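I have placed the structure first, in the form of structure tokens, so that the comments after it can refer back to it.
The values are calculated or read from the model by the stated rules, or taken from the named source; none is laboratory data. Bear in mind that the values here come from a model prediction, so they are computed numbers and not experimental data. With ideal geometry, Cβ positions are generated from the backbone for all residues, glycine too; neighbour counts draw on all protein chains shown.
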Amino acid sequence: MPAGLSEIGAFVRRHDPDRFFCALFAPPEQREALFALIALHHELGRVRAAASHPLAAAIRLQWWRDAIAASTPPRHEVATPLHAAIRAGLLDREALLAMADAREVELAEEGIATRTEFTAYLRRTHGALAVAAGRLLGAAAQELAALEAIGTLQGLAGLLRAAPLWAARGRCLLPRDALAEAGLDPQAALAEPERLTPVIRALAREAAPPLPRPWPPRLLAAALPAVFARRDVRRLAAGRAAQRGTADRLAVLWAALRRCA
């Protein structure tokens with residue numbers, strides 16, 4: 001572990017390097033709470049992936065609800081610093097519980113029916129993460145709305161990037177109406193993940209990335225993921241692999257220098 005990087009910071013760098021990179025632009029007094037928030041998002045996102053059965057995932061999701069709501073947190077690499085941030089008044093307990101509740105969609109065997117439901121799911125998970133980060137950093141109401149759009153787009157880009165891999169592992173969260181337009185159902189997508197390519201391209205093309213806008217320095221850590229998300233969606237819409245590279249991080253640095261993301 002590099003000198004000066006906390007355990008929760010190292011956890012986020014290991015599991016969510018994009019958001020870790022952006023979080024480095026947060027004011028030092030809020031950075032650890034932001035790391036804890038991102039780490040919770042990661043843990044909630046892997047509830048279903050790490051479980052062999054939906055029932056096991058439901059139990060794990062409830063564990064996180066209980067951990068968030070508990071007056072005394074369990075000893076855990078994420079739950080412990082998360083509670084420190086809650087006790088300090090930096091993170092809102094109810095908002096974190098709502099983030100956990102939003103993951104119920106991932107436990108349903110039938111998946112997500114429509115694009116509208118898919119967007120709502122992205123907004124309540126990834127969008128809610130961006131809103132919570134904005135509140136932590138002191139965003140105003142109109143800024144929170146813009147951050148929600150950024151988080152929703154980042155969630156879309158991440159899910160589209162990972163869709164073939166998840167399908168190969170037996171999971172598909174892409175909306176059934178989009179699959180049907182490509183002549184697929186969830187079972188066919190799982191059997192032949194390579195057939196998801198036109199669905200991924202279509203959903204990426206339908207996205208409406210928010211235009212870059214100026215941000216106050218205190219909010220850059222929450223806004224900078226927009227740079228990664230826009231670049232990913234452009235690549236996916238063109239049918240190219242959205243692989244992370246040095247140019248992406250340089251683009252984020254340039255956006256931070258201009259305070260426009």
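Could you figure out which of (1) of a type outside the set (A, V, I, L, M); (2) more than 25 Å from Arg135 (Cβ to Cβ); (3) over 18 Å from the mean Cα position of the chain (by Cα) isn't true of Asp248?
(3)
Hey, among the residues in region 201-211 that are hydrophobic (A, V, I, L, M, F, W, C) and modelled with pLDDT under 95, which one's nearest to Ala140 (Cα to Cα)?
The selected residue is Leu211.
A quick yes/no check of all residues on (1) at pLDDT 95 or above; (2) part of a helix (DSSP H, G or I); (3) buried (at least 16 other Cβ atoms within 10 Å of the Cβ); (4) of a type in the set (A, V, I, L, M):
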residue: Trp64; (1), (2), (3), (4): yes, yes, yes, no
residue: Ile68; (1), (2), (3), (4): yes, yes, yes, yes
residue: Leu91; (1), (2), (3), (4): yes, no, yes, yes
residue: Met99; (1), (2), (3), (4): yes, yes, yes, yes
residue: Glu109; (1), (2), (3), (4): no, no, no, no
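Residue under question is Gly127, and the condition is that it be touching a Cys at 6+ places or on another chain (Cβ under 9 Å) and surrounded by 14 or more Cβ atoms within 10 Å (Cβ to Cβ); does it hold? It would help to see each step written out before you state the result.
On the way: touching a Cys at 6+ places or on another chain (Cβ under 9 Å): no; surrounded by 14 or more Cβ atoms within 10 Å (Cβ to Cβ): yes.
No; evaluated as a whole, the condition is false for this residue.
If the requirement is being surrounded by fewer than 17 Cβ atoms within 10 Å (Cβ to Cβ), in contact with a Cys (Cβ under 8 Å, 6 or more places away or on another chain), farther than 24 Å from Gly45 by Cα and modelled with pLDDT of 95 or more, which of these qualifies: Pro198, Pro214?
Pro214 is the lone residue from the list that is surrounded by fewer than 17 Cβ atoms within 10 Å (Cβ to Cβ), in contact with a Cys (Cβ under 8 Å, 6 or more places away or on another chain), farther than 24 Å from Gly45 by Cα and modelled with pLDDT of 95 or more.
Between residues in region 14-42 that are in a helix (DSSP H, G or I) and residues that are basic (Lys, Arg) and at pLDDT 95 or above, which pairs lie under 6 Å by C-beta distance while being six or more apart or on different chains?
Phe20/Arg13; Ile38/Arg19
Select, from Ala51, Ala57, the only residue that is surrounded by 14 or more Cβ atoms within 10 Å (Cβ to Cβ) and assigned to a helix (DSSP H, G or I).
After ruling out the rest, the residue left standing is Ala57.
Out of Pro28, Pro73, Pro54, Pro81, which single residue is touching a Phe, Trp or Tyr at 6+ places or on another chain (Cβ under 9 Å) and farther than 23 Å from Gln154 by Cα?
One residue alone meets the criteria, Pro81.
Of these, Leu156, Leu224, Leu147, Leu236, which one is of a type outside the set (Phe, Trp, Tyr), at pLDDT 95 or above, surrounded by 22 or more Cβ atoms within 10 Å (Cβ to Cβ) and more than 16 Å from the chain's Cα centre (by Cα)?
Leu236
Under 7 Å between Cβ atoms, at least 6 apart or on separate chains: pull out the pairs that start in region 231-256 with a residue that is farther than 22 Å from Arg218 by Cα and touching a residue at least 24 places away in the same chain (Cβ under 8 Å) and end on any residue that is in a loop (DSSP other than H, G, I, E, B) and charged (D, E, K, R).
none
Any residue at all in region 121-144 that's farther than 25 Å from Val227 by Cα, of a type outside the set (A, V, I, L, M) and either in contact with a His (Cβ under 9 Å, 6 or more places away or on another chain) or touching a residue at least 40 places away in the same chain (Cβ under 8 Å) (or both)?
No, the conditions are met nowhere in region 121-144.
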